[in-house]
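Beneath this line is the structure, given in structure tokens, with notes to follow.
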Amino acid sequence: MRHAMSIEPTPTSIHRDAGQAVTRPSPYLEISDLWKSYGDFVALHDISLSIAKGEFVCFLGPSGCGKTTLLRAIAGLDLQSQGTILQDGRNISTLPASKRDYGIVFQSYALFPNLTIEQNIAFGLENTGRSKAEIAARVAELLETVGLSAQGKKYPAQLSGGQQQRIALARAIAISPGLLLLDEPLSALDAKVRVHLRHEIKALQRKLGVTTIMVTHDQEEALAMADRIVVMNHGVIEQVGSPTQIYRHPETLFVADFIGETNQFPAKVMSQGQVEIVHSAFSCSTQDFAAGDPATAVVRPVDIIPHGAGAHAVNSVDRPVTPQNLIDAEVQEMEFLGMFWRTRLTAPRLGDRTLIADFSVNAVRRLNIETGGVIQVEIPKERLLLFPRGA
Amino acid sequence: MTMSLAIDYAPLGKPLRQEASRDDLVKMGFMAVIGLYLIIALGAPLSIMLSKSFSTYRFDLAAFEFQVSDETGETWGAPVTADALNRELGSVTDSELATSSDGRLAATKFFKDFSFRSPVRYRIRGTTDDTAFLVGSALEKGTQWREYDSGTFRRVVLRPASSLGFDNFKTYFSTPALARSIYNSALMAAISTVVTISIAFALAYGLTRSCMPLKGLFRGILTIPILVPSLLPGIALVYLFGNQGVFKDWLMGYSIYGPIGIVIGSVFFTLPHAFLIILTALSVADARHYEAAASLKASKWRTFTTVTVPGARYGIVSAAFVVFTLVITDFGLPKVIGGQYGMLAVDIYKQVIGQQNFEMGAVVSVILLLPAILAFAVDRRMQRRQVALLSARAVPYAPKPNARLDGLCLAFCCLVSLFILGMITMCQIAAVVKFWPYDLTLTAKNFAFDLMDGGGWAAYGNSIKLALLTALFGSLVVFTGAYMVEKADGFRACRGVFHFLAMMPMAVPGMVLGLAYIFFFNNPSNPFHSIYGTMTILVLCTVTHFYTVAHLTALTALKQMDPEFESVAASLKQPFHRLFFRVTVPVCLPAILNIAIYLFVNAMTTVSAVVFLYSTNTKLASVAVLNMDDAGDIAPAAAMGMMIFYTNVAAKLIHALIARGLLTRTQAWR
Ligand SMILES: Nc1ncnc2c1ncn2[C@@H]1O[C@H](COP(=O)(O)OP(=O)(O)OP(=O)(O)O)[C@@H](O)[C@H]1O
Ligand SMILES: [Mg+2]
């Protein structure tokens, strides 16, 4: 039911999607019709999802949307109210946590404070028929893997947050689980460490080939790490897709708004390929819309193309046509954000609503864009997205 | 697009149930065991006691029928009820018919010319199935005729019938000496509370808001009274202000035996409790409030009344309830120093031990339970709010030197310390001199306990045994129980009931618990009857008596542990007991040791609950203090009290040593 207008995919994404469709094996983890309610409150609403072996999947969504709840249902820590979960062909829906096959890392890391790093990592290895020497070797190997070989004799409290995080990860993968669950593993760290660890975790996951689910509310983290992202809101899955799909082809307004930034305008579909915003017509794909449907038009700041000071004649406000979606806009404010300029524009054609656009440093220099100037900008028709709007 | 909002309900269907893991079964087993413990050690005895307070016993003469033979023993007269016989003879008055559960009435009373050598034979039966009588010690019941020769009939006694109702309470309230105790107890508790709280607040204020020196020392001195039985201040007061007391004149003719002694002694033994609670409340003061007051140029007094007192208000109220409850339920002190001044807790003792009137004891117990439960309920509410206050991030307040205030606080702390040390010193002197205050030669004769009644050195040995067992067994049960309440997921309802049971002992006075134990365990049909009169029942009773504080200590420690430890262990497929022994217990070790020492000290000093339960083989030091004092051997009583004090001081020191040793070895991570 949640169809946005579809735009032809960019060549890269076609390639990528096609490739995945062919190689994706039968699902390793399959969740179907999962519900979870706390009294009257429904925390998970009919969730169905399949995850392939070796995939890195992120659950992404705002706080309270049910990410942790879903993760804990998969882990058997909080039983779902309804629904089944298959892991590797085995029905684990009602198995206790200890009979499932996964390793988990919590936001708090939950390292045992009175055990050394080595003892923490060895905790899951003991009692499993392994000899002392075997365990020691495995612990050493894991410490090596996470790059903390020198810290084995220390206690958790003597390590930094990032180091503790890696120990928690090492402890979770020590028993070579089939599934790795990470609940906001990076959110307690500062920004720099976070970016660094992102790569480490991703590299480790690739190396081990372990199917991984990570919960996060940080879209950047999800885009950078995930093979596929599951965007959730209010206990429902809004969209599942690769980072580029999610970013470039959001299926719902929520996804569009949550991932990346948006300019939003109330719009009305005029005819096939034509939409009216304020009083002007813009061209864009209107698939799945009928003439007269109300809609919300969305364009991302980075997708707006500057064309320099332009032909004012074609663009007079009275004429309701905007060839190639070109409009005039006055630069109200410019903010230098290091990699690019963020500008606030007002366009008569958009009823003087603010339009936020991000221009590259180059473009700004080349086109001599400055505060107070009037420039012509293009809203590329394949980047102008339409979403249904309640009447 | 959130169309989903419109259909936000889960489909109806059988809710899923998680398959039980082995851990779950083990946990369930533990819960069952400890739940059973709390029911046997607390719930069941209390409910039996409650029912006893509503049971009245009365000889129902109409329910017995007799038949008498002639001299030949062959021809029988007509059956006649005891009631009819009594109407004829008037040998038993109506008031003699009201009795207790233990009441016995000789059957021969109804036969004027009974002679145990005559050849006349007697028959007796009940008219209902429940009618009971004893032949010697054998119980007979029912409507079957039973025939005895006169020699045996002499040993037949009738047993009363029981009925439920408020009669016991009516009797209680119509006995002025008893009913007056309610007023007395409430009055004593109220006065002691006001005095104690004032002193405790001033002390806590001095220790937190002034820069007076020696704070650590005063803290130590102020907690001394916890280490002695509440009988001891009573004995000290007898020596100081009693008939031979050196300071007798200070009382201007009033006697120390009675209200004055009770109040002074109560202040002594409740002071540490109030002091510690208020100290905690004042310690969490927010410096920002003081800065605000200073910037508004508020006067010292105004700052005090608008910032200090309201900030500690929950602590003060909480401390007030604790003191009130302690005084109203205490038995040792009024027993020693109360004289003829009737107090509820002593009434229970007198009714049960003196008059063997268990039902009346139960009535007084129920009356004593009411204020204790009320105080407990209010206190719990207060504590909940106090927690909310605590969790707000506050900037700790650091006092600035102020010569006048500091001097004043120091003087006051010295004064109170003098009072506490004076009382202890008095007992110490009394214990080691021949005859205070006339012959002050040093002697060890007061420590020759084996020469006096009370239990001798064996009693002291028993007390140590009790304290050790209570500390060991108690910390085990309490900590495991608290772990189940806090960490076992699922079993929500079970855990709720469990927690409630664990909180209850706080509201149950020791006397009441002891009496409830008599009712419950001294019943031959109880499967646990065999522990009656043994050390086991003393340990059981003491652990239960002091359960709540220990439980709360354990809970606090457990709440500080990451709630995900259990999840991590499950994901690593490790059984919960490995986590429990390798992580939970070591991390909580300081709290466990605190629980152990708390139980030890209290087991050494407690009198109220165990006074009903000790037997000749299990006499206790604290009870010996009571009994020796009762018998007039006051100096040996003081000596035994001091033995308890020395033991507790030693235990505290050992605890500190062990704690430090263990901490450096097992808690390197801190
Ligand atoms: N035990 C519970 N009882 C009642 N409601 C709960 C319980 N646990 C979670 N919820 C509710 O379920 C919803 C989803 O919670 P969940 O923890 O899964 O959110 P989340 O997506 O992980 O959020 P965050 O990013 O803040 O961690 C929330 O609205 C929460 O209030
Ligand atoms: Mg969460």
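The values are calculated or read from the model by the stated rules, or taken from the named source; none is laboratory data. No experiment lies behind these values; they were computed from the predicted model shown. Note that we place each Cβ from the backbone using ideal geometry, even for glycine, and neighbour counts take in every protein chain shown. Remember, those area values only see protein heavy atoms, side chains included, never the ligands or the DNA or RNA. Shrake-Rupley method; radii C 1.70, N 1.55, O 1.52, S 1.80 Å.
Within segment A:77-90, the residues that satisfy the criterion of being within 16 Å of ligand 1 (Cβ to nearest atom) and either without any contact (Cβ under 8 Å) to a residue 40 or more places away in the chain or aromatic (Phe, Trp, Tyr) (or both) are A:77, A:79. State which residue is farthest from ligand 2 (Cβ to nearest atom) when the search covers only segment A:162-197 and only residues that are within 19 Å of the chain's Cα centre (by Cα) and in contact (Cβ under 8 Å) with a residue 60 or more places away in the chain. Filtering segment A:162-197 for residues that are within 19 Å of the chain's Cα centre (by Cα) and in contact (Cβ under 8 Å) with a residue 60 or more places away in the chain, the one farthest from ligand 2 (Cβ to nearest atom) comes out as A:180. Take the conditions (1) surrounded by 14 or more Cβ atoms within 10 Å (Cβ to Cβ); (2) of a type in the set (Gly, Ala, Ser); (3) assigned to a strand (DSSP E or B); residue B:163 misses just one of them, which is (1). Here the strands (runs of 3 or more DSSP E) wholly within segment A:324-389 that include at least 3 residues being within 14 Å of chain B (Cβ to nearest Cβ) are A:385-388.
For segment A:117-128, a residue qualifies if it is crowded, with 19+ Cβ neighbours inside 10 Å and facing chain B (nearest Cβ under 8 Å), and the qualifying residues are A:123, A:124. Exactly one residue out of A:297, A:290, A:281, A:267 is within 26 Å of the chain's Cα centre (by Cα) and not assigned by TED's automatic domain parsing to the domain that holds residue A:217, and it is A:297. For beta carbons closer than 9 Å, sequence separation of 6+ or different chains, a first residue in segment B:243-269 that is part of a loop (DSSP other than H, G, I, E, B) and a second that is of a type in the set (Lys, Arg), the qualifying pairs are B:256/B:248. Do you know which residues across segment A:246-267 are in a helix (DSSP H, G or I) and either of a type in the set (Gly, Ala, Ser) or within 11 Å of residue A:226 (Cβ to Cβ) (or both)? Passing the criteria: A:246, A:256. Inclusion of residue A:140 among residues that are more than 16 Å from ligand 2 (Cβ to nearest atom) and in a helix (DSSP H, G or I) is warranted. Inspect all residues belonging to segment A:91-102 and state whether any of them is buried (at least 22 other Cβ atoms within 10 Å of the Cβ), in contact (Cβ under 8 Å) with a residue 24 or more places away in the chain and within 16 Å of ligand 2 (Cβ to nearest atom). No, every residue in segment A:91-102 fails to be buried (at least 22 other Cβ atoms within 10 Å of the Cβ), in contact (Cβ under 8 Å) with a residue 24 or more places away in the chain and within 16 Å of ligand 2 (Cβ to nearest atom).
Each row is one residue, and each column tells you yes or no for (1) within 7 Å of chain B (Cβ to nearest Cβ); (2) closer than 17 Å to residue A:179 by Cβ.
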| residue | (1), (2) |
| --- | --- |
| A:71 | no, yes |
| A:78 | no, yes |
| A:82 | yes, no |
| A:91 | no, yes |
| A:96 | yes, yes |
| A:102 | yes, yes |
| A:105 | no, yes |
| A:109 | no, no |
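Selection of segment A:227-239 for residues being closer than 25 Å to residue A:80 by Cα and more than 12 Å from chain B (Cβ to nearest Cβ) yields A:228, A:229, A:230, A:231. The set of residues in segment B:323-348 that are over 13 Å from the mean Cα position of the chain (by Cα) and open to solvent by 20 Å² or more (accessible area, probe 1.4 Å) comprises B:324, B:335, B:339, B:340, B:341. Mind counting the residues in segment A:211-225 that are away from ligand 2 (no atom under 14 Å from the Cβ) and open to solvent by 10 Å² or more (accessible area, probe 1.4 Å)? Of the residues in segment A:211-225, 4 are away from ligand 2 (no atom under 14 Å from the Cβ) and open to solvent by 10 Å² or more (accessible area, probe 1.4 Å). Applying the set (1) out of contact with any Lys or Arg (no Cβ under 9 Å at 6 or more places or on another chain); (2) within 13 Å of another protein chain (Cβ to nearest Cβ); (3) more than 16 Å from residue A:172 (Cβ to Cβ); (4) in contact (Cβ under 8 Å) with a residue 12 or more places away in the chain to residue A:157 leaves exactly one unmet item: (1).
Could you please find all residues in segment A:47-76 being open to solvent by 30 Å² or more (accessible area, probe 1.4 Å) and either out of contact with any strand residue (DSSP E or B) (no Cβ under 8 Å at 6 or more places or on another chain) or within 12 Å of ligand 1 (Cβ to nearest atom) (or both)? If the condition is that a residue be open to solvent by 30 Å² or more (accessible area, probe 1.4 Å) and either out of contact with any strand residue (DSSP E or B) (no Cβ under 8 Å at 6 or more places or on another chain) or within 12 Å of ligand 1 (Cβ to nearest atom) (or both), then A:62, A:63, A:64, A:68, A:72 are the ones that fit.
Looking across segment A:167-206, the residues that are surrounded by fewer than 20 Cβ atoms within 10 Å (Cβ to Cβ) and within 18 Å of residue B:569 (Cβ to Cβ) come down to A:175, A:176. Within segment A:204-220, residues that are under 21 Å from residue A:49 (Cα atoms) sit with their Cβ atoms under 8 Å from residues that are more than 15 Å from ligand 1 (Cβ to nearest atom) and modelled with pLDDT under 90, at 6+ positions apart or across chains, in these pairs: A:219/A:259; A:219/A:260.
When residue B:59 is tested against (1) surrounded by fewer than 18 Cβ atoms within 10 Å (Cβ to Cβ); (2) touching a strand residue (DSSP E or B) at 6+ places or on another chain (Cβ under 6 Å), just one condition goes unmet, and that condition is (1). Applying the condition of being within 21 Å of residue A:42 (Cα to Cα) and part of a strand (DSSP E or B) to segment A:203-226 and asking which residue is farthest from the other protein chains (Cβ to nearest Cβ) yields A:216. If you filter segment A:348-359 down to residues that are over 24 Å from the mean Cα position of the chain (by Cα) and either among the β-branched types (Val, Ile, Thr) or at pLDDT 90 or above (or both), you find that the one that is farthest from residue A:260 (Cα to Cα) is A:354.
Here the helices (runs of 4 or more DSSP H) wholly within segment B:507-593 that include at least 2 residues being farther than 30 Å from residue B:20 by Cβ and more than 9 Å from every other protein chain (Cβ to nearest Cβ) are B:510-521, B:535-545, B:547-559. Could you please give the count of residues in segment B:141-157 that are over 24 Å from residue B:70 (Cβ atoms) and assigned to a strand (DSSP E or B)? Number of matching residues: 2.
Here is a yes/no grid of residues against (1) at pLDDT 95 or above; (2) within 16 Å of ligand 2 (Cβ to nearest atom); (3) under 30 Å from residue A:385 (Cα atoms):
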{"residue": "A:4", "(1), (2), (3)": "no, no, yes"}
{"residue": "A:10", "(1), (2), (3)": "no, no, yes"}
{"residue": "A:18", "(1), (2), (3)": "no, no, yes"}
{"residue": "A:39", "(1), (2), (3)": "no, no, no"}
{"residue": "A:57", "(1), (2), (3)": "yes, yes, yes"}
{"residue": "A:75", "(1), (2), (3)": "no, yes, no"}
{"residue": "A:79", "(1), (2), (3)": "no, no, no"}
{"residue": "A:82", "(1), (2), (3)": "no, no, no"}
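Just to be sure, is residue B:477 over 22 Å from residue B:619 (Cβ atoms), modelled with pLDDT of 90 or more and part of a helix (DSSP H, G or I)? Yes: the conditions hold for residue B:477.
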